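Q: Before anything else, here's the structure in question.
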Amino acid sequence: MVHENETLVKTPQWITACRAEDVAENGGVCVKLGDQQIAIFYFTRRNEWYATQNECPHKKQMALSRGMIGTRNNVPKVACPFHKKTFSLLTGECLNGDECNIKTYPVKVEDGIVYIGVDDPPEEQFS
């Protein structure tokens, strides 16, 4: 039972997404989870991995995995390749001041395999 002042913390379920070698250095790749597309990024210069929704909310295009990654005030970000909207890879916040944030996912890499943490995994896994 959760009391009024307590927060229920959900532990993500780790789903195999791809091999680490499938993701370009300082670039991204798209994987499909059920009917969702998830962009996975390997920021080589920072030795960090990130995952977000692949859909850019600005024009509803599945394109973020092809975006350019970089930093803004030391915050890792991705820029949509079409309209240059930029999003924090940490929080999903739109860094252009617009109200069109994206969903982010926890990522871990073990033994050369990339895993994405999801709250409610669909029956159909990544493809």
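Q: Quick one: count up the residues across segment 24-81 that are among the hydrophobic types (A, V, I, L, M, F, W, C), farther than 22 Å from residue 109 by Cβ and out of contact with any strand residue (DSSP E or B) (no Cβ under 6 Å at 6 or more places or on another chain).
A: Within segment 24-81, the subset among the hydrophobic types (A, V, I, L, M, F, W, C) is 24, 29-31, 33, 38-41, 43, 49, 51, 56, 62-64, 68-69, 75, 78-80.
So of that shortlist, the ones also farther than 22 Å from residue 109 by Cβ come out as 56, 62-63, 79-80.
Then keep just the ones that are out of contact with any strand residue (DSSP E or B) (no Cβ under 6 Å at 6 or more places or on another chain); that gives 56.
Looking only at that region, the number is 1.
Q: Give the residue, chosen from 77, 108, that is within 20 Å of residue 120 (Cα to Cα) and either free of Cβ contacts under 8 Å to residues at least 24 places away in the same chain or of a type in the set (D, E, K, R) (or both). Explain how you work it out, then say what you get.
A: Working: 77 fails: within 20 Å of residue 120 (Cα to Cα).
Selected residue: 108, the only one of 77, 108 that is within 20 Å of residue 120 (Cα to Cα) and either free of Cβ contacts under 8 Å to residues at least 24 places away in the same chain or of a type in the set (D, E, K, R) (or both).
Q: Please go through segment 49-68 and give me each residue that is in a strand (DSSP E or B), touching a residue at least 40 places away in the same chain (Cβ under 8 Å) and either out of contact with any helix residue (DSSP H, G or I) (no Cβ under 9 Å at 6 or more places or on another chain) or under 17 Å from residue 18 (Cα atoms) (or both), ordered by number.
A: 49, 50, 51, 52, 53
Q: Of the residues that make up segment 39-47, is at least one among the small types (Gly, Ala, Ser) and without any contact (Cβ under 8 Å) to a residue 24 or more places away in the chain?
A: No, segment 39-47 contains no residue that is among the small types (Gly, Ala, Ser) and without any contact (Cβ under 8 Å) to a residue 24 or more places away in the chain.
Q: So, residue 33, is that one aliphatic (A, V, I, L, M) and surrounded by fewer than 14 Cβ atoms within 10 Å (Cβ to Cβ) or not?
A: No, not satisfied.
Q: Also, quick follow-up: Being under 19 Å from residue 90 (Cα atoms) and either of a type in the set (D, E, K, R) or assigned to a loop (DSSP other than H, G, I, E, B) (or both) is the requirement here; does residue 21 meet it?
A: Answer is no for this residue.
Q: For residue 20, indicate whether it is free of Cβ contacts under 8 Å to residues at least 60 places away in the same chain and of a type in the set (A, V, I, L, M, F, W, C).
A: Criteria not met by residue 20.
Q: Among residues belonging to segment 25-58 that are over 15 Å from the mean Cα position of the chain (by Cα), over 23 Å from residue 119 (Cβ atoms) and of a type outside the set (Asp, Glu), point out the one that is modelled with the lowest pLDDT. Don't jump to the end; show me each part of the working.
A: Going through segment 25-58, the residues over 15 Å from the mean Cα position of the chain (by Cα) turn out to be 25, 34-35, 44-47, 58.
Adding the requirement that they be over 23 Å from residue 119 (Cβ atoms) leaves 25, 44-47, 58.
Narrowing further to those that are of a type outside the set (Asp, Glu): 44-47, 58.
Details: 44: 92, 45: 87, 46: 90, 47: 93, 58: 82.
Ranking the candidates gives 58 first.
Q: Kindly provide the set of residues from segment 61-111 that are surrounded by fewer than 14 Cβ atoms within 10 Å (Cβ to Cβ) and small (Gly, Ala, Ser), ordered by number.
A: Correct list: 97 only.
Q: Is it the case that segment 90-98 has a residue that's more than 23 Å from residue 20 (Cα to Cα) and under 14 Å from the mean Cα position of the chain (by Cα)?
A: Scanning segment 90-98, I find at least one residue that is more than 23 Å from residue 20 (Cα to Cα) and under 14 Å from the mean Cα position of the chain (by Cα), so the answer is yes.
The values are calculated or read from the model by the stated rules, or taken from the named source; none is laboratory data. Just so you know, these numbers come straight off a predicted model, no measurement behind them. Virtual Cβ from ideal backbone geometry, glycine too; neighbours counted across all protein chains shown.
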